[in-house]
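Colleague: One structure follows; several queries about it will come next.
We did not get these values from a lab; they are worked out from the coordinates using the rules stated. Just so it is clear, the structure is predicted and the values come from calculations on it, not from any experiment. Cβ placement follows ideal geometry from the backbone for every residue including glycine, while neighbour counts extend to all protein chains displayed.
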Amino acid sequence: MSTTSRTLRTAVLGTALVIASSVAGAGPAAATAANCPVVYWGSLAKTSALNPILATVDNVRTGRHTCYDRIVFDVGGRAPLGYTVGYAEPSFRLDGSDAPVDLIGGADLQITINAPAHDLKYVPTFDPADPTHAVDVTGYRTLRQVYWGGTYEGYTTVGLGVRARLPYRVFQLDGPGGHSRFVIDVAHQWTSF
């Protein structure tokens with residue numbers, strides 16, 4: 001068997017294992033470099049320079065998956081939404097004051113969404129009880145802390161403490177209804193053939 005055939009066979013088997021483990025209900029801890037697909041997401045900043053739209057950040061939630069951890073922002077309004085996401089050097093900073101915040105983990109993702117977390121009368125649409133741990137990510141493989149930076153001049157900022165500088169992807173989904181979701185997936189590890 002040639003090297004190319006062996007590489008293709010390994011990639012197909014790895015993808016099949018990921019699908020099989022998901023169907024069988026295997027937990028996120030079951031993932032290894034051998035059964036996660038190759039990740040080409042990268043770790044450089046990702047930006048959409050759209051102006052703020054009439055939308056609000058209504059909720060923040062997270063989830064664990066076989067090969068990555070996910071953070072989801074539920075938005076009251078339709079995509080596309082402007083945003084800036086990137087690893088902060090040297091650390092996450094609050095909008096407005098520019099004060100540095102030490103997050104748990106080896107790397108800090110700075111997330112800015114071009115929408116406020118309040119309505120037109122400044123009533124909060126999302127207001128976590130503990131901004132330093134806006135969502136509990138205890139036991140996650142990649143995520144270490146979700147820090148709610150709040151809204152400043154129509155932009156919402158969140159600091160995401162990550163285990164290390166790992167590849168991530170950013171995308172948006174329409175729905176449900178007139179709402180949308182802003183999603184960031186951070187891979188558990190760098191993978192390659």
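Colleague: Enumerate the calculated ³J(HN,Hα) couplings along the stretch 58-74 in order (Karplus 6.51 cos²θ - 1.76 cosθ + 1.60, θ = phi - 60°), each rounded to whole Hz, writing x wherever the residue is Gly or Pro.
Modeller: Values, residue by residue: 9, 6, 10, 9, 9, x, 9, 10, 4, 10, 7, 9, 10, 10, 10, 10, 7 Hz.
Colleague: Tally Lys/Arg at +1 and Asp/Glu at -1 over every other residue whose Cβ is under 13 Å from the Cβ of V183; what's the total?
Modeller: +1
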